[in-house]
1. Given S74, S114, which one is open to solvent by less than 10 Å² (accessible area, probe 1.4 Å) and under 23 Å from I203 (Cβ atoms)?
2. If we keep just the residues of the stretch 392-402 that are in contact with a helix residue (DSSP H, G or I) (Cβ under 8 Å, 6 or more places away or on another chain) and in contact (Cβ under 8 Å) with a residue 40 or more places away in the chain, which is nearest to L346 (Cα to Cα)?
3. Check off (1) open to solvent by 30 Å² or more (accessible area, probe 1.4 Å); (2) in contact (Cβ under 8 Å) with a residue 40 or more places away in the chain; (3) over 19 Å from the mean Cα position of the chain (by Cα) for V133 and give me the number that stays unchecked.
4. Residues K452, K420, K437: which one is touching a Pro at 6+ places or on another chain (Cβ under 8 Å) and charged (D, E, K, R)?
5. Can we say I320 is among the aliphatic types (A, V, I, L, M), assigned to a strand (DSSP E or B) and buried (at least 20 other Cβ atoms within 10 Å of the Cβ)?
6. Taking E314 as the residue in question, decide whether it is among the acidic types (D, E), open to solvent by 20 Å² or more (accessible area, probe 1.4 Å) and in a helix (DSSP H, G or I).
7. State yes or no: is K172 at pLDDT 90 or above, in a helix (DSSP H, G or I) and of a type in the set (K, R)?
8. Evaluate the following for L423: is it modelled with pLDDT of 95 or more, of a type in the set (A, V, I, L, M, F, W, C), out of contact with any His (no Cβ under 7 Å at 6 or more places or on another chain) and not in a loop (DSSP other than H, G, I, E, B)?
Amino acid sequence: MKKIPSSIAESKKLKDFEIFLNSFLNFEKLPQKNIFWLDTMEYFSEKLGNIHLSCPTVHVAGSKGKGSVSCMISSILSAAGKKTGLYTSPHILSFFERITQDGNFLSLSTYEKSAEQLINCIKNEEKNLKRPVTWFELITLYAFLCFKNEKMDAAVFETGLGGRLDATNIIKPKVCCIGPIELEHTEFLGNTIEKIAAEKGGIIKQNTPVISAAQKKEAKEVLKKIADEKKSPVFFMDEEINYIKTNYILSTCIKNNTDKCINFSTSSEKLLMKTELSIKGFSRPLCFNLQLPGDYQAQNAAIAALAVKKAFPEISEDTIEKGLSKAYIPGRLEIIPNSKDNIPFLILDGAHTPNSINFTLRTLREIFSDSSLKDFNILFACAKDKDIKDITPLFKNCFHEIFLTKPGNVKQSDLPSVEKSFLENGLKFHSDEDFEKEIDLALKKSAAKNKKLLVTGSFYLVSEILKKTDF
């Protein structure tokens with residue numbers, strides 16, 4: 001986790017800017033229906049000089065994996081020498097993690113100048129609006145301003161919720177990427193895969209290539225129909241990937257030029273995933289070492305590689321490999337060995353859907369050769385809108401101890417419903433609404449019994465545990 005520079009963290013102008021932002025409706029904190037539209041974004045962007053068109057862009061949507069794909073594409077473009085803006089959500093420790101240059105904080109002057117420009121514009125123009133402006137619209141406009149002021153060569157935008165009416169959807173991207181589509185946010189996006197696919201597919205633009213993960217039949221048909229209507233070529237990765245080969249390896253093994261991975265459970269070395277990826281249209285298989293573990297990350301890497309190939313054909317395959325090897329995102333199955341809390345391994349993962357949590361558990365079983373995860377404790381919390389009934393059965397016959405709580409104070413949660421689901425599945429647990437106390441308890445008990453600790457269910461929970469620990 002990169003620490004925010006003190007100059008940015010202590011800036012009075014930026015603190016005042018965050019107070020200004022927090023005076024507007026924040027869907028992440030208080031979900032509401034019928035607050036999504038694009039006319040407000042179009043109005044303000046035009047007033048600010050069409051800031052959404054200041055550089056070539058890439059647009060990424062999906063139910064899961066969109067943050068990883070966005071990061072990987074940004075890393076590849078940076079490896080190609082392009083000054084690349086990266087807009088993602090949510091943040092873990094600092095608001096400014098959302099708006100970076102390939103994961104690195106921008107200059108203080110850019111953040112401050114852009115904040116001043118946005119505040120002045122909103123105060124001058126807000127009276128002319130028919131609808132109230134929202135927090136996410138403001139930070140998206142802020143990202144456009146920051147990237148324009150930094151004179152970015154390119155920018156990668158991850159959608160927030162959905163796609164069709166997402167605040168980011170006024171950009172004119174060179175390529176659109178769509179990750180796997182699942183039932184999520186059904187209250188706002190629709191209660192079927194088809195309806196959600198229509199929302200995610202709303203980012204597809206006229207005559208713009210679309211790179212999609214493998215999809216369920218219903219989602220695939222919807223995306224194909226939208227792409228056909230827009231006369232946009234669509235590439236589904238299950239049809240484009242010839243093969244993927246992966247195996248885990250430590251950084252020392254790379255240095256010693258050996259494929260034999262030593263026992264990770266007793267090492268503080270960095271874990272890498274050696275990956276060989278063959279995709280149609282490439283002259284050879286791509287070979288690289290991902291810092292992001294999990295077979296699904298190899299799938300995300302394939303989406304990122306093909307997206308760059310279609311949108312920036314001048315970028316070489318060597319550069320694509322280099323960029324993928326450098327890609328890193330905190331809180332995505334992040335394995336911290338020998339933490340200062342005396343826990344042998346602390347695993348931080350923001351997985352919050354049944355499929356993503358299943359992937360996480362499967363990957364940990366593979367890495368640690370622990371089929372029951374009996375040497376693990378788990379600290380779990382999730383937002384109110386998550387599919388807890390399908391998540392809970394995944395934890396059966398797993399873990400030494402289970403700790404339940406709320407994912408901080410940002411997201412709405414329903415701990416009684418979580419507890420009920422765990423009880424119905426015969427799972428014993430300790431639970432407390434006070435997330436700070438429960439975090440302390442999980443850390444203390446894991447250290448006392450020498451158990452690995454998995455923290456999952458929400459990026460907001462990951463954020464809270466990072467606030468309390470120092471690695």
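1. The match here is S74.
2. E401
3. The one condition V133 does not meet is (1).
4. K452
5. No: the conditions fail for I320.
6. no
7. It is false that K172 is at pLDDT 90 or above, in a helix (DSSP H, G or I) and of a type in the set (K, R).
8. Against the criterion (modelled with pLDDT of 95 or more, of a type in the set (A, V, I, L, M, F, W, C), out of contact with any His (no Cβ under 7 Å at 6 or more places or on another chain) and not in a loop (DSSP other than H, G, I, E, B)), L423 qualifies.
The values are calculated or read from the model by the stated rules, or taken from the named source; none is laboratory data. Remember, predicted model here, so these are calculated numbers, not experimental data. For neighbour counting, all protein chains shown are included, and Cβ atoms are generated from backbone atoms with ideal geometry for every residue, glycine included. The accessibility values were calculated without ligands, DNA or RNA, using every heavy atom of the protein model including side chains. Shrake-Rupley method; radii C 1.70, N 1.55, O 1.52, S 1.80 Å.
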